[in-house]
1. Quick check on my filter: what residues within the stretch 1-31 are assigned to a helix (DSSP H, G or I), over 18 Å from Leu66 (Cβ atoms) and of a type in the set (A, V, I, L, M, F, W, C)?
2. Assess whether Arg57 counts as being at negative phi, open to solvent by less than 80 Å² (accessible area, probe 1.4 Å), out of contact with any Phe, Trp or Tyr (no Cβ under 6 Å at 6 or more places or on another chain) and of a type in the set (Lys, Arg).
3. Across the stretch 34-51, what is the number of residues that are among the basic types (Lys, Arg), open to solvent by 70 Å² or more (accessible area, probe 1.4 Å) and either closer than 16 Å to Asp65 by Cα or assigned to a helix (DSSP H, G or I) (or both)?
4. Search the stretch 60-75 for residues being farther than 24 Å from Ser5 by Cβ and in a helix (DSSP H, G or I), and hand back the single one that is most open to solvent (accessible area, probe 1.4 Å).
5. Take the residues in the stretch 1-44 that are of a type in the set (Ser, Thr, Tyr) and at pLDDT 95 or above; name whichever of them is nearest to Asp74 (Cα to Cα).
6. Suppose we filter the stretch 1-33 for residues that are of a type in the set (A, V, I, L, M) and within 10 Å of the chain's Cα centre (by Cα); how many remain?
7. For the stretch 1-32, how many residues meet the condition of being farther than 17 Å from Ala56 by Cβ, open to solvent by 50 Å² or more (accessible area, probe 1.4 Å) and among the aliphatic types (A, V, I, L, M)?
8. Which pairs do you get when a residue that is within 16 Å of Asp51 (Cα to Cα), found in the stretch 3-22, comes within reach of a residue that is exposed (fewer than 11 other Cβ atoms within 10 Å of the Cβ), reach meaning Cβ atoms under 9 angstrom, with the pair 6+ apart or on two chains?
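The values are calculated or read from the model by the stated rules, or taken from the named source; none is laboratory data. If you're wondering where the values come from, they're calculated on a predicted model, not measured in any experiment. Cβ coordinates were reconstructed from backbone atoms using ideal geometry, including for glycine residues, and neighbour counts include every protein chain displayed. For the accessible areas, the whole protein counts, side chains as well, though only heavy atoms, and no ligand, DNA or RNA atoms are used. Shrake-Rupley method; radii C 1.70, N 1.55, O 1.52, S 1.80 Å.
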Amino acid sequence: MDRDSQLELYEAVAGRLKEAHTRVRSLQVPEGVRMALSRNLLVITAAAKRDLAGAARRLDQFMKDLDEGRFPEDE
C-alpha cells in the first residue's frame, strides 16, 4: 500500500472510530454493555497501530453489529 492510500485509510478509520465512540456513548444500554463495547473499540484502536486494514475490517463488523442491535452480554 503506498503512503497516500495508507494515509487515506488511516483518516477513514480514525473518523469511523470517533463515530463509533459517539454512538456507544449515546446508547441506552446497561453500563456493563457500554463498557464491553468501549473495550472492543480500544482493541480495534490498538490493532490499527499494527494492522490498519485488519482494524478497518473489524471496525466495519463492529459498526454492523451496532446497526443490527447485537451487543455483548451485560457483565
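1. Answer for the stretch 1-31, where residues must be assigned to a helix (DSSP H, G or I), over 18 Å from Leu66 (Cβ atoms) and of a type in the set (A, V, I, L, M, F, W, C): Leu7, Leu9.
2. No.
3. Count: 1.
4. Here the residue is Asp67.
5. Selected residue: Ser38.
6. 5
7. Adding up the residues that qualify gives 0.
8. Leu9/Met1
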